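Below is one structure, written out as structure tokens; comments come after it.
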Amino acid sequence: MKPAPFRYVAARSLAQALELKAEHGDEARFLAGGQSLVPTMNFRLTQPAMLIDINPLKEFAGVRKNGADRLRIGALTRYRNLERDPATAADLPLIHEALPHIAHPQIRNRGTIGGNLAHADPASEMPAIVLALGGRLRAQSVRGERWIEAADFFVGALTTALAPDEMLVEVELPIAPPRSGSCFMELARRRGDFAIIGVACTLRFDAEGRCSAARIGLCNAGDTPVVVAAAGDCLIGERVERRQIDEAAAVVRRSIEPGGNVHASSEYQRHIAEVLTARALACANERARRGH
């Protein structure tokens, strides 16, 4: 199939892009990598009247430090650049581990982190990871800018807190601190397919070896990416061992409500979530103990 007719404009500046979005609202869509948007247009699931191509806005690509403990990633940063950037492995090990699981190399060559997050597919890896890391996202419009916590950004399937005139321009994430460990795991039918279930977890320990912070995020476990706060809470203050890991994994299984599909029932997804959570927590625990 082919997309419905639309008007195309290559934005020469951020101001022009935002003015066009303010004028046309939901009738206009931003075009970044196009790896999520264009297929939906070809199937006519999305029929924007205007495409605003923001690829010329090079200032919104790249990674930079914001102080000693935060990184800011421009919304136009392509996954291939994140994958090859040494700073990703050093400062964002959870993302570095997850990147090879995201679609295929051809898609990562074009796909952008901002486009993926704005598309807000609950089966996609990056929304769950940004949520698990406790990131925040910067939106801009002709009215000004605002920061949105990741916990407030994803409001439904393919739906975000972005207003009709706003553009996602930047993502801010914490750098992995000392005495911390992370792990990403997913189960998919084939490499590059959407995950049946994906799990992203982070652990941090104090000087006495007790867990001081724990977050467990999941993709394809509901209408939005999910963080199971109760599962992380049961690890706080503990010297994390097998009993605590199994308890947290059981909490995840009881807490999620995956929708099921032709490839996996909701009960099977819950089972896989429990298994992967236990494995990912064990791996993150070992990495934190080793200082990686």
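The values are calculated or read from the model by the stated rules, or taken from the named source; none is laboratory data. Being a predicted model, the structure only gives us computed values, none of them experimental. FYI the Cβ positions are ideal-geometry reconstructions off the backbone, even for glycines, and counts take in every protein chain you see.
For segment 203-256, give me each residue that is under 30 Å from Asn116 (Cα atoms) and of a type in the set (Asp, Glu).
Scanning segment 203-256 gives Asp223, Asp233.
Under 8 Å between Cβ atoms, at least 6 apart or on separate chains: pull out the pairs that start in segment 262-276 with a residue that is in contact (Cβ under 8 Å) with a residue 40 or more places away in the chain and surrounded by fewer than 21 Cβ atoms within 10 Å (Cβ to Cβ) and end on any residue that is among the basic types (Lys, Arg) and part of a loop (DSSP other than H, G, I, E, B).
His263/Arg189
In segment 15-45, which residues are touching a strand residue (DSSP E or B) at 6+ places or on another chain (Cβ under 7 Å) and either free of Cβ contacts under 8 Å to residues at least 40 places away in the same chain or not in a loop (DSSP other than H, G, I, E, B) (or both)?
Ala17, Leu18, Leu20, Lys21, Ala22, His24, Glu27, Ala28, Arg29, Phe30, Leu31, Leu37
Those residues that are at negative phi and basic (Lys, Arg), I need them from segment 152-203; list them, please.
Arg189, Arg190, Arg191
Identify all residues within segment 60-80 that are part of a helix (DSSP H, G or I) and in contact with a Gly (Cβ under 8 Å, 6 or more places away or on another chain); write none if there are none.
Phe60, Tyr79
Could you check segment 212-244 and list, in sequence order, the residues that are of a type in the set (Asp, Glu) and either surrounded by 18 or more Cβ atoms within 10 Å (Cβ to Cβ) or assigned to a strand (DSSP E or B) (or both)?
Those that are of a type in the set (Asp, Glu) and either surrounded by 18 or more Cβ atoms within 10 Å (Cβ to Cβ) or assigned to a strand (DSSP E or B) (or both): none in segment 212-244.
Please enumerate the residues belonging to segment 46-59 that are assigned to a strand (DSSP E or B) and buried (at least 20 other Cβ atoms within 10 Å of the Cβ).
Leu51, Ile52
Is it the case, given these coordinates, that Val199 is under 12 Å from the mean Cα position of the chain (by Cα), surrounded by 20 or more Cβ atoms within 10 Å (Cβ to Cβ) and either part of a loop (DSSP other than H, G, I, E, B) or in the same structural domain as Ala248 (by TED's automatic domain parsing) (or both)?
Judged against the criteria, Val199 is a match.
Residues of segment 245-261 being surrounded by 16 or more Cβ atoms within 10 Å (Cβ to Cβ), under 23 Å from the mean Cα position of the chain (by Cα) and farther than 20 Å from Val130 by Cβ, which ones?
Answer for segment 245-261, where residues must be surrounded by 16 or more Cβ atoms within 10 Å (Cβ to Cβ), under 23 Å from the mean Cα position of the chain (by Cα) and farther than 20 Å from Val130 by Cβ: Ala248, Ala249, Val251, Arg253.
Inspect all residues belonging to segment 213-228 and state whether any of them is under 19 Å from the mean Cα position of the chain (by Cα) and of a type in the set (Lys, Arg).
Within segment 213-228, one or more residues are under 19 Å from the mean Cα position of the chain (by Cα) and of a type in the set (Lys, Arg).
Look through segment 46-62, keep the residues that are hydrophobic (A, V, I, L, M, F, W, C) and free of Cβ contacts under 8 Å to residues at least 60 places away in the same chain, and return whichever of them is nearest to Glu170 (Cα to Cα).
Start the filter on segment 46-62 by keeping residues that are hydrophobic (A, V, I, L, M, F, W, C), which leaves 49-52, 54, 57, 60-61.
Then keep just the ones that are free of Cβ contacts under 8 Å to residues at least 60 places away in the same chain; that gives 49-52, 57, 61.
Working: Ala49: 25, Met50: 23, Leu51: 20, Ile52: 18, Leu57: 13, Ala61: 9 Å.
If we take residues in segment 46-62 being hydrophobic (A, V, I, L, M, F, W, C) and free of Cβ contacts under 8 Å to residues at least 60 places away in the same chain, then Ala61 is nearest to Glu170 (Cα to Cα).
Per-residue answers, yes or no, for (1) aromatic (Phe, Trp, Tyr); (2) within 17 Å of Val199 (Cβ to Cβ); (3) touching a Pro at 6+ places or on another chain (Cβ under 8 Å):
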{"position": "Gly115", "(1), (2), (3)": "no, no, no"}
{"position": "Ala118", "(1), (2), (3)": "no, no, no"}
{"position": "Ile129", "(1), (2), (3)": "no, yes, no"}
{"position": "Leu133", "(1), (2), (3)": "no, yes, yes"}
{"position": "Leu137", "(1), (2), (3)": "no, no, no"}
{"position": "Glu145", "(1), (2), (3)": "no, no, no"}
{"position": "Ala151", "(1), (2), (3)": "no, no, no"}
{"position": "Ala157", "(1), (2), (3)": "no, no, yes"}
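Is segment 159-166 home to any residue that is out of contact with any His (no Cβ under 8 Å at 6 or more places or on another chain) and either crowded, with 24+ Cβ neighbours inside 10 Å or of a type in the set (D, E, K, R) (or both)?
Checking segment 159-166: at least one residue is out of contact with any His (no Cβ under 8 Å at 6 or more places or on another chain) and either crowded, with 24+ Cβ neighbours inside 10 Å or of a type in the set (D, E, K, R) (or both).
Does Asp85 count as surrounded by 17 or more Cβ atoms within 10 Å (Cβ to Cβ) and not assigned by TED's automatic domain parsing to the domain that holds Gly260?
When the stated conditions are applied, Asp85 passes them.
Only one of (1) polar (S, T, N, Q); (2) out of contact with any helix residue (DSSP H, G or I) (no Cβ under 6 Å at 6 or more places or on another chain); (3) closer than 30 Å to Ala68 by Cβ fails for Ser182. Which number is that?
Failing condition for Ser182: (2).
Go through segment 136-167 and report how many residues are among the acidic types (Asp, Glu) and either more than 22 Å from Ala17 (Cβ to Cβ) or free of Cβ contacts under 8 Å to residues at least 40 places away in the same chain (or both).
Within segment 136-167, the first condition is being among the acidic types (Asp, Glu), and the residues that meet it are 145, 149, 152, 165-166.
Filter once more, keeping what is either more than 22 Å from Ala17 (Cβ to Cβ) or free of Cβ contacts under 8 Å to residues at least 40 places away in the same chain (or both): 145, 149, 152.
The number of residues fulfilling the criteria is 3.
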